[in-house]
Number of protein chains: 2
Amino acid sequence: MAESPHGLDRRDFLTAALASAGALAIGTPAWASATARYPAVRKAAEAQREAAIKRIQDWIAHPSIAAENLNMKEGAEYMATLAREAGFDSATIIPTDGHPGVFATMDNGAKRTLALYFMYDVKQFDPAEWSSPPLEARIVDKPGFGRAIVGRGAVNQKGPEATVLAALHAMRAAKVKLPVNLVLVAEGEEEIGSPHFHQVVQSPNVFAALKKAEGVFIPASWQDMNGSVAVNLGSKGVVELELIASGEKWGRGPKGDIHSSMKAMVDSPPWRLVQALNTLVTPDGNTAAIEGWFENVRPLTAREKELIAEIARNGDEATQKKLLGVSRWIDDLPYPKALERLASQPTVNIEGLVSGYTGPGGKTVLPGRAVAKLDLRLVPNQTRKEAVEKLRAHLDKKGFNDVELKVTGGYDPTETAEDSRIIRAELATYKRAGVTATLNPRLAGSWPGAVFTAPPVSLPAGHFGLGHGSGAHAPDEYYVVESTNPKVAGIVDAVMGYVDMFYQIAEVK
Amino acid sequence: MAESPHGLDRRDFLTAALASAGALAIGTPAWASATARYPAVRKAAEAQREAAIKRIQDWIAHPSIAAENLNMKEGAEYMATLAREAGFDSATIIPTDGHPGVFATMDNGAKRTLALYFMYDVKQFDPAEWSSPPLEARIVDKPGFGRAIVGRGAVNQKGPEATVLAALHAMRAAKVKLPVNLVLVAEGEEEIGSPHFHQVVQSPNVFAALKKAEGVFIPASWQDMNGSVAVNLGSKGVVELELIASGEKWGRGPKGDIHSSMKAMVDSPPWRLVQALNTLVTPDGNTAAIEGWFENVRPLTAREKELIAEIARNGDEATQKKLLGVSRWIDDLPYPKALERLASQPTVNIEGLVSGYTGPGGKTVLPGRAVAKLDLRLVPNQTRKEAVEKLRAHLDKKGFNDVELKVTGGYDPTETAEDSRIIRAELATYKRAGVTATLNPRLAGSWPGAVFTAPPVSLPAGHFGLGHGSGAHAPDEYYVVESTNPKVAGIVDAVMGYVDMFYQIAEVK
């Protein structure tokens, strides 16, 4: 949700942050050798290719949008049906105080269990901004990649999720029993910040099933143009919020916008906001000055520093600066130190300022209200709850108890151990496919994974998948189904990536 | 220009600022006695009423908009033709480095000369926002006032200006020679801040003609629902500007918006802006903290304080607070002190803040640019030039030389002596018409009058007129032509107001 703003999705971010660093494995794709292990499944996947593409297109045609309360019940049913059709033994709707989740299991009599995290909702869209209708899921050319489905949800996350389902269909058609048991948990509120997903995960049957799992992943298709992927050992948390100064709450200044000449006798909510903001960070704007902010911040471990040093060594600083339009890092830090700062430091970021007249030129008003949109990135062991409480206490202590704090979304940070089976299985799968995988100690972005990684579930969690797509939350979102780039997987190779991952989970020590 | 933002025009401001205070004269309208003095002119004005209304409508149908470079040459020619038709001896186009002005004279062999300031341009408009087409100038009912022309320029300023022209037509039809000579100077750039009007005023012939005048006024129709008007002895100046912090100019932070997770290693232009803003005012946001700001500020005189005290005594503080949506003044000042602050203090006002994502909810970006729109109100003897220079020097000294300062418009403050003939003539005219006139030492708003009041022209200048209109710069701008409110002049009574003003200028001691 928070991580995929328009035009700047997870993958773009990773491309920029990691450039084309190859930290663990270097090589050319080895689709052939990887898939040679499962010839019957590969054959079935190829035979079912059109059906797999159509499954994605049909799903895209049925959008569920939590923010608009659109097709939520229908979306959960659709998800449950997709799970049943893919061979899950049972698929049930899990009600929450918000929109329902879906829970499904597939007992294959295996020793180990793998959990999958799906979302059935998609981001809002404005068809006027798209070059083809966002629910039609047309297949178009994407130069440098091949042919791709364009539609809302194509990459975030119906395409990758349906590719996992296609792997299950192919294995069943090939009469190959999965080497792992599966637990599927899906939510319909990812795009509004997963406010009730913890209720799904902690409902007794789901909780009991998850507790048996080695780990959980959300299917993803993050291969860049060179075929590389990142494996993140955790992610920062985030709190998105608005700070609002207003005449209404302050008891000073106007309730609405008035003529600016009155400033000589009337107080100003935007100046109030500027004063409040000014207390939140050090004078350079780079470090939180909120009381107690660093109390629970865990410093980087030696291993984390080692991984970052490796990313820095393999990274392309000049390219990253160019992609970001940045000429120097904070404090003119050298690249390795800047990357350490990226992984280790919580942030207080202004994502937007809005007050009074915002159009071209000027308009002489004294605004009745001023809003700063902030996002606070959190690192272990900070929590979202702690951050909101400390910010409120700070504002109150500084005398800004009239400044409203409206939280609009957020997640706790996540951590997944490098030696967990799911990470080792991911790395082994990528390696066998000849894909360069970069081990990243902490994604500077955020995702709802803390629902799994934090107590009481305490499960290793991450993203996994071959393939490529982009444009999450933006117009012309796409997911590559037919790859013309030898380093990037098309849909059948992505299917085979999931198949191999099931085996790696079963086999890894 | 700056003084008539959408929905908050000069009159609304005055209504709010002065409430219904009646400081100099109290009484009921005396149209009858006022116009009984000029029976032949009144008869002619009544006979020409439809023609006078049509003159306004025709003018509205031909908009000149400087910001859009629309019909500027045509507008100047139209203005010159209107002047000639109204009996001016000559009307010539005065070229400038921008759009042309118009200069006309009418030598009536009188002892005294009166100057008129007209603008032929109008504010931009969006027909979609209007309830009738803005160039059709339809006549509609305005409850509480009567029938009014609705159109762009109706009140700002074609309606009032054409009413002066109607007075000249009526006097000519009645074969009554004007008791004063007239000088007319018009500009076409009022709505963009009069950037070249000084070139019109200081061109040799215009300058020589103005130097003979007793004073200058722009026709206005500011009667409120009770018939009251304000007579301002000056106005504050204003500088409208944008302060812009950007990665582009700073050399830190991103050039465009990037993913907000990068905040941990990339500097932030919006935080840079907040820091710069924070240095501009005292912690309460109410007093400029810019070095040398008060150096040339002239304190209120005893007479100015006396007039303000009178306004405070007659004013309705509770109503004004209610109209403004304000529950207390700055520093909890009592009303008379708050009004002194209004008249005497320069201001640094934030009229708008814009950065990054400004829509509903959040979007995780680190913006490449942040803009604060400010207006600085100036009092005598501050100047616009001084203010801009001091603000720039202040920012540089504080280390913010990368923060851009983009001036978008402004005027110097104006002052007009209470004992000038034009002010005394205005007061006498209002008194004879039975209209409550409030003498206001200084309008807290601003207008281009400094072009006249400052050297080298050094002419008393103000606003004068009976009648009512509103909605300058807003949709459904209107000008009352047929009044059903006994305290407010319709077009014929407004015509007679100008006629009487000509005599008052001639006769006042």
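The values are calculated or read from the model by the stated rules, or taken from the named source; none is laboratory data. Computed from a predicted structure; not experimentally measured. Here Cβ is always computed from backbone atoms with ideal geometry, including for glycine, and neighbour counts include all displayed protein chains. Keep in mind that these areas ignore ligands, DNA and RNA; they rest on the heavy atoms of the full protein, side chains included. Shrake-Rupley method; radii C 1.70, N 1.55, O 1.52, S 1.80 Å.
Scanning segment B:254-293 for residues being more than 7 Å from chain A (Cβ to nearest Cβ) and among the polar types (S, T, N, Q) gives a total of 3.
Criterion first (open to solvent by 10 Å² or more (accessible area, probe 1.4 Å), more than 14 Å from chain A (Cβ to nearest Cβ) and touching a helix residue (DSSP H, G or I) at 6+ places or on another chain (Cβ under 9 Å)) does B:Gly471 satisfy it?
Yes: the conditions hold for B:Gly471.
Among the criteria (1) in contact with an Asp or Glu (Cβ under 6 Å, 6 or more places away or on another chain); (2) more than 8 Å from chain B (Cβ to nearest Cβ); (3) surrounded by fewer than 23 Cβ atoms within 10 Å (Cβ to Cβ), the one A:Tyr357 does not fulfil is (2). Among the residues of segment A:52-72, the one identified as in contact with a helix residue (DSSP H, G or I) (Cβ under 7 Å, 6 or more places away or on another chain), crowded, with 22+ Cβ neighbours inside 10 Å and outside any helix (DSSP H, G or I) is A:Ser64.
Checked against (1) among the charged types (D, E, K, R); (2) in contact with a strand residue (DSSP E or B) (Cβ under 7 Å, 6 or more places away or on another chain); (3) not assigned by TED's automatic domain parsing to the domain that holds A:Leu243, A:Lys337 passes all but condition (2). The residue of segment A:234-253 that is nearest to the chain's Cα centre (by Cα), among those that are within 13 Å of A:Trp271 (Cα to Cα) and facing another protein chain (nearest Cβ under 9 Å), is A:Gly247. Within the span defined as segment A:375-390, one or more residues are at the interface with chain B (Cβ under 8 Å from one of its Cβ atoms) and open to solvent by less than 20 Å² (accessible area, probe 1.4 Å). So how many residues does segment B:326-354 have that are within 18 Å of B:Gly285 (Cβ to Cβ), assigned to a loop (DSSP other than H, G, I, E, B) and of a type outside the set (Val, Ile, Thr)? Matching residues across segment B:326-354 total 6.
Among the residues of segment A:360-374, those identified as open to solvent by 10 Å² or more (accessible area, probe 1.4 Å) and within 7 Å of another protein chain (Cβ to nearest Cβ) are A:Gly361, A:Gly362, A:Lys363. In the condition set (1) touching a helix residue (DSSP H, G or I) at 6+ places or on another chain (Cβ under 8 Å); (2) part of a loop (DSSP other than H, G, I, E, B), A:Leu116 is compliant with all but (2). Tell me yes or no: at least one residue of segment A:196-212 is crowded, with 24+ Cβ neighbours inside 10 Å and either within 14 Å of chain B (Cβ to nearest Cβ) or of a type in the set (Ser, Thr, Tyr) (or both). Within segment A:196-212, none of the residues are crowded, with 24+ Cβ neighbours inside 10 Å and either within 14 Å of chain B (Cβ to nearest Cβ) or of a type in the set (Ser, Thr, Tyr) (or both).
Look through segment A:330-351, keep the residues that are at the interface with chain B (Cβ under 7 Å from one of its Cβ atoms) and of a type in the set (Val, Ile, Thr), and return whichever of them is farthest from A:Ile308 (Cα to Cα). It comes out as A:Ile350. Give me the residue from segment B:173-195 that is farther than 20 Å from B:Ala115 by Cβ and more than 18 Å from the chain's Cα centre (by Cα) and, out of that set, surrounded by the most Cβ atoms within 10 Å (Cβ to Cβ). For segment B:173-195, the residue satisfying everything is B:Ala174. A search for C-beta distances below 9 Å between a residue of segment A:437-455 that is more than 20 Å from A:Ser228 (Cβ to Cβ) and any residue that is assigned to a helix (DSSP H, G or I) and aliphatic (A, V, I, L, M), counting only pairs 6+ apart in sequence or on different chains, returns A:Val451/A:Val200; A:Val451/A:Val201; A:Phe452/A:Val201; A:Phe452/A:Leu210. A single entry from A:Arg84, A:Arg152 fulfils the requirement of being open to solvent by less than 10 Å² (accessible area, probe 1.4 Å) and assigned by TED's automatic domain parsing to the domain that holds A:Ala213: A:Arg152. If you take the residues in segment B:305-329 that are hydrophobic (A, V, I, L, M, F, W, C) and open to solvent by 40 Å² or more (accessible area, probe 1.4 Å), which one is farthest from the other protein chains (Cβ to nearest Cβ)? Looking at the filtered set, the residue picked out is B:Ala318.
I'd like to know if segment A:130-144 contains one or more residues that are in contact with a helix residue (DSSP H, G or I) (Cβ under 9 Å, 6 or more places away or on another chain), crowded, with 22+ Cβ neighbours inside 10 Å and not in a strand (DSSP E or B). Yes: one or more hits.
Considering B:Ser446, B:Ser458, which residue is out of contact with any helix residue (DSSP H, G or I) (no Cβ under 7 Å at 6 or more places or on another chain), over 29 Å from B:Met171 (Cβ atoms), in the same structural domain as B:Arg138 (by TED's automatic domain parsing) and open to solvent by less than 10 Å² (accessible area, probe 1.4 Å)?
On the way: B:Ser458 fails: open to solvent by less than 10 Å² (accessible area, probe 1.4 Å).
Result: B:Ser446 is the single residue among B:Ser446, B:Ser458 that is out of contact with any helix residue (DSSP H, G or I) (no Cβ under 7 Å at 6 or more places or on another chain), over 29 Å from B:Met171 (Cβ atoms), in the same structural domain as B:Arg138 (by TED's automatic domain parsing) and open to solvent by less than 10 Å² (accessible area, probe 1.4 Å).
Screening segment B:419-436 for residues that are farther than 16 Å from B:Val229 by Cβ and in contact (Cβ under 8 Å) with a residue 12 or more places away in the chain and picking the one that is surrounded by the most Cβ atoms within 10 Å (Cβ to Cβ) gives B:Arg421. Residues being hydroxyl-bearing (Ser, Thr, Tyr) and open to solvent by less than 10 Å² (accessible area, probe 1.4 Å): count how many of those fall in segment A:339-354. So the answer is 1. The conditions of being over 29 Å from A:Ala387 (Cα atoms) and open to solvent by less than 10 Å² (accessible area, probe 1.4 Å) are met by A:Ser221. Being open to solvent by 60 Å² or more (accessible area, probe 1.4 Å), part of a strand (DSSP E or B) and either among the hydroxyl-bearing types (Ser, Thr, Tyr) or at negative phi (or both): is that true of A:Thr92 here? Yes; evaluated as a whole, the condition is true for this residue.
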